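The values are calculated or read from the model by the stated rules, or taken from the named source; none is laboratory data. Remember, predicted model here, so these are calculated numbers, not experimental data. No Cβ is skipped: glycine too gets one built from the backbone with ideal geometry, and neighbour counts run over all protein chains shown.
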Amino acid sequence: MTNYRTMTDLTGKVAVVTGGSRGIGVECATALGENGAKVVIVGRDAATCEQSAKRLSADYHPADVTDPNQVAELAQAIVRRYGRIDVAVNNAGQSLCVPVEKCSDAQWHQMMNINLHGLFYCCREFGKIMLQQGQGSIVNVASISGLISNVPQPQAAYNTSKAAAIMLTKSLATEWAKRGVRVNAVSPGYIETDMTRGALEKKHDWVAIWQKFTPMIRVGQASEVAGAVLFLASDAASYFTGSNLIVDGGYTCW
């Protein structure tokens, strides 16, 4: 008989969360840790990673996900210490609001480097470990910006990188499903994080438009995204792969 009360129990599991020192990432790390996982927080800022890790009783490993060599070493370092990787939440990313005609080559490449290339490196290296184990769950943090063209802010580069992240998720899911590795995504809508807090606090004109087109008439909280990540990471989502859970208060319904 299925025990539904233990479906999200991650006791004995090892989870890595990139971009895990703040915002959605730290909430994901909190959710996984509170459900029993041993969590490794990853970020470029060693001091912030250490601070968050101490608060959560987690481990941390500074790394730049845009560097494939650092990502490969990260994966191996976790395996050397813990022997396995069961859950990988690939959350590291950046946003950019700039009109296309003013978007420099450097800005375009920056978006692709962290939001797509970095995501690919993490999926590849963590996936290798999971394939060797014959099991694992990867959750990629994408965005509704990969599904729609946001208004009123101009962000073609960001939107394109997140659309690619969703397709990468689907592609990996089909490649690895028979080998025990599930790959899913979550696509947050407008969430209160460091990226959006400035606009929210200043009551930027954009905020009124975001709320107008969100049926729930509010922005979301990082914890509400973390709940979806916890679900996908756990056995509660054992028949989920290639899925993209949209956490947007209904924004993309219209």
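Computed quantities for the displayed model
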read-out: Failed item in (1) of a type outside the set (Phe, Trp, Tyr); (2) out of contact with any Asp or Glu (no Cβ under 7 Å at 6 or more places or on another chain); (3) under 13 Å from Asp194 (Cβ atoms); (4) crowded, with 24+ Cβ neighbours inside 10 Å, with Thr48 passing the rest; value: (4)
read-out: Residue count, the stretch 67-97 (criterion: assigned to a loop (DSSP other than H, G, I, E, B) and within 15 Å of the chain's Cα centre (by Cα)); value: 5
read-out: Residue list for the stretch 176-209, filter: of a type outside the set (D, E, K, R), buried (at least 18 other Cβ atoms within 10 Å of the Cβ) and modelled with pLDDT of 90 or more; value: Trp176, Val181, Val183, Asn184, Ala185, Val186, Ser187, Pro188, Gly189, Tyr190, Ile191
read-out: Sole residue being surrounded by 17 or more Cβ atoms within 10 Å (Cβ to Cβ), touching a helix residue (DSSP H, G or I) at 6+ places or on another chain (Cβ under 6 Å), at pLDDT 95 or above and of a type in the set (Gly, Ala, Ser), chosen from Ala157, Ala173; value: Ala157
read-out: Flag for Glu50 being under 24 Å from Gly227 (Cα atoms), assigned to a helix (DSSP H, G or I) and free of Cβ contacts under 8 Å to residues at least 40 places away in the same chain; value: yes
read-out: Test set (1) touching a strand residue (DSSP E or B) at 6+ places or on another chain (Cβ under 7 Å); (2) over 30 Å from Arg5 (Cα atoms); (3) modelled with pLDDT of 95 or more - Glu224 fails condition number; value: (2)
